[in-house]
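Report on the structure given below.
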Amino acid sequence: MARVTIKDIAEQAGVSPATVSRFLNKRYGSMSSETRDRIAQVIERTGYKPNNAARSLRLDRTNTIGVILADIRNPFSSAMLEELSQQAAQRGCSIVTAISSNNSQSEAEALERLVDAGVDGIIVNTCSNDPAPLRAVAATKPVVLLDRDVEGIDLSLVTSNNAALIDELLDQLQQAGCTRYHLLTEYDETSSVRRGRADRFEHEIRRRGLAGCVLALDPDAGHAAAQISACLEPAEIPSHSAAATSCKPITGFIAINGLVFLRFVEALGLTDTVVPRDALVATFDEYPWNHVLFGGVTTAMQDTAGLATAALEQLFTAIDQLSRRGGFMPAPQHIEVPGTIIPRASSRLR
């Protein structure tokens, strides 16, 4: 039996081959829903399967995109990879993944491997402060930064509205009556997201006249437990603080990401602290354990599906523009995808 072609589909649907091609590439433009339904019905009836290999050669594409993640141990990264994989598959593309393990040299080598593999574009959750490797790749292929930015290069960035989420977490703790605030972070400050959240926290603490600081939580559970205990010891509240008249100091902790939160929970188990009786707690990143720990943990939930959608849209737009005759790289975009605060028992005094 002869292979069904785009021309056959066009004849049976009563449209041009160009219209069928636009339908297959999901570039519907002004195509009516009736035309789309008619083409879809013919494709289903004939069992037509696009010759992706031939189409890739014709368009000089591989229909693969590269994704570099900084830390797969972070549950946020695994959730992002799942979203990117699913959404790319819906667009007929495959993902080639590399993990840099927060090592800038590994990231640079991964960029080279992905270019050599012929991917159409790359999404990078960068860990590097050196823009040179990214600049070299971005000169020839579309590159979109995911979650983390890097100074010295102007690339499209898709991230969460981290400043607003910090503000809203502080609102939750302040409304609950906290008098002291600690943002728990890591010693390693390679992440622009962590730096941005910490900077916003310190700015808001000063602006609101609150007592608090950023605290790098020790990786050793015993040492971290000592840090937490010290934060809970009675301390004089600055006279200018709005909470200076509070009878009992109430300490609030915000974990800067899911990994820091798990480290905090482990250390907390070595103390006599009871949440929310002795301290109030909030964290970034929504995971199953947030529903059960401490009766439920107040969470700044990032929109992983929205982040994946925005990153892929930026990447595919650039790939499409470059593939056209006389194509050019589109202007970089900075996109902030709104997150959501989920209030739970951990930030409410009993």
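The values are calculated or read from the model by the stated rules, or taken from the named source; none is laboratory data. All values derive from a computational prediction rather than experimental measurement. In this analysis, Cβ positions are derived from the backbone assuming ideal geometry, glycine residues included, and neighbour counts consider all displayed protein chains. All accessible areas refer to the heavy atoms of the entire protein, side chains included, with ligands and DNA or RNA removed. Shrake-Rupley method; radii C 1.70, N 1.55, O 1.52, S 1.80 Å.
A few comments on the model shown:
- Test: residue in region 339-346 that is buried (at least 22 other Cβ atoms within 10 Å of the Cβ), assigned to a loop (DSSP other than H, G, I, E, B) and touching a Leu at 6+ places or on another chain (Cβ under 7 Å): yes
- One residue from Leu173, Leu111, Leu145, Leu169 being under 16 Å from the mean Cα position of the chain (by Cα) and modelled with pLDDT of 95 or more: Leu145
- Scanning region 214-257 for residues that are out of contact with any helix residue (DSSP H, G or I) (no Cβ under 7 Å at 6 or more places or on another chain), hydrophobic (A, V, I, L, M, F, W, C) and at pLDDT 90 or above yields Ala216, Ala226, Ala230, Cys231, Leu232, Ile250.
- Condition met for Asp130 (out of contact with any Pro (no Cβ under 6 Å at 6 or more places or on another chain), surrounded by fewer than 14 Cβ atoms within 10 Å (Cβ to Cβ), more than 29 Å from Met301 (Cα to Cα) and modelled with pLDDT under 95): no
- Check on Ile319, β-branched (Val, Ile, Thr), more than 30 Å from Leu169 (Cα to Cα) and open to solvent by less than 70 Å² (accessible area, probe 1.4 Å): yes
- Check on Thr273, in contact (Cβ under 8 Å) with a residue 24 or more places away in the chain, of a type in the set (Ser, Thr, Tyr) and in a loop (DSSP other than H, G, I, E, B): yes
- Taking residues in region 31-49 that are open to solvent by less than 80 Å² (accessible area, probe 1.4 Å), and partners anywhere that are among the basic types (Lys, Arg) and assigned to a helix (DSSP H, G or I), the pairs with Cβ atoms closer than 9 Å and at least 6 places apart or on different chains are Met31/Arg22.
- Members of region 121-137 that are of a type in the set (A, V, I, L, M, F, W, C) and in contact (Cβ under 8 Å) with a residue 40 or more places away in the chain: Ile122, Ile123, Val124, Cys127
- Within region 141-152, residues that are over 16 Å from Gly306 (Cα atoms) have Cβ atoms under 6 Å from residues that are part of a strand (DSSP E or B) in these pairs: Val143/Ile122; Asp149/Leu157, counting only partners at least 6 apart in sequence or on another chain.
- Residues being open to solvent by less than 40 Å² (accessible area, probe 1.4 Å) and either part of a helix (DSSP H, G or I) or at pLDDT 95 or above (or both) - total across region 82-94: 3
- Residue check for Arg194: modelled with pLDDT of 90 or more, of a type in the set (D, E, K, R), closer than 21 Å to Ala300 by Cβ and surrounded by 19 or more Cβ atoms within 10 Å (Cβ to Cβ): yes
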